[in-house]
1. I'm trying to understand the selection: among the residues of segment 59-93, which are within 15 Å of residue 32 (Cα to Cα) and exposed (fewer than 14 other Cβ atoms within 10 Å of the Cβ)?
2. In segment 68-87, how many are charged (D, E, K, R) and over 15 Å from residue 28 (Cα atoms)?
3. Please state which one of 46, 36 is under 19 Å from residue 82 (Cα atoms), touching a residue at least 12 places away in the same chain (Cβ under 8 Å) and either over 14 Å from the mean Cα position of the chain (by Cα) or not in a helix (DSSP H, G or I) (or both).
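Please treat every number below as a calculation from the coordinates, not as lab data. Quick caveat: nothing in here was measured; it's all calculated off a predicted structure. Because the Cβ atoms are built from the backbone with ideal geometry, glycine has one as well, and the counts that use them run over all protein chains shown.
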Amino acid sequence: MRLLEIKMSPRTRANAKSAATDVLIPEKLYFRIGEVSRLCHLPAYVLRFWETEFPQLKPVKSSTGQRMYRRKDVESALRIKQLLYEEGFTIPGARQHLRAEIKSDKKQDPLPFPARPTSELKYIRQGLKDILTLLSARR
């Protein structure tokens with residue numbers, strides 16, 4: 001078996017990098033490693049290595065031992081690829097950056113409910129009671 005080494009020009013490498021962010025992930029529950037490899041344009045051994053380096057990338061294994069990636073795993077692999085190949089992070093730097101992204105996602109802003117004065121709420125409640133009285137009188 002012969003291995004073919006592909007040398008990319010800087011222009012081809014730039015096109016490959018921008019393609020990482022433009023991947024259309026099919027609507028499926030699970031993806032096998034070969035499918036993820038094709039979607040991410042990465043060899044399967046890179047994905048297996050990333051599983052050991054990034055806790056965000058944890059595919060489940062089927063009863064036959066096949067790695068089954070969920071959609072979030074595919075998205076994580078694409079994000080890792082973007083950080084490493086496009087943004088120039090090292091593996092420890094990308095790991096730290098992903099951890100920081102997850103922490104910032106968990107800190108949600110409170111829902112934008114306007115604070116109403118109690119008197120305004122009483123007025124609204126009384127109006128609703130008046131409407132209910134009118135509707136029940138029609139029967």
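1. Within segment 59-93, 60, 61, 62, 63, 64, 65, 66, 72 qualify.
2. Here is the first cut: in segment 68-87, the ones charged (D, E, K, R) are 70-73, 75, 79, 81, 86-87.
Narrowing the set further to residues that are over 15 Å from residue 28 (Cα atoms) leaves 79, 81, 86-87.
Of the residues in that region, 4 qualify.
3. Working: 46 fails: touching a residue at least 12 places away in the same chain (Cβ under 8 Å).
That would be 36, the only listed residue that is under 19 Å from residue 82 (Cα atoms), touching a residue at least 12 places away in the same chain (Cβ under 8 Å) and either over 14 Å from the mean Cα position of the chain (by Cα) or not in a helix (DSSP H, G or I) (or both).
The rows are residues; the columns are (1) touching a Phe, Trp or Tyr at 6+ places or on another chain (Cβ under 7 Å); (2) on the phi > 0 side of the Ramachandran plot; (3) not in a helix (DSSP H, G or I).
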site	(1), (2), (3)
42	no, no, yes
56	no, no, yes
65	no, yes, yes
74	yes, no, no
84	no, no, no
94	no, no, no
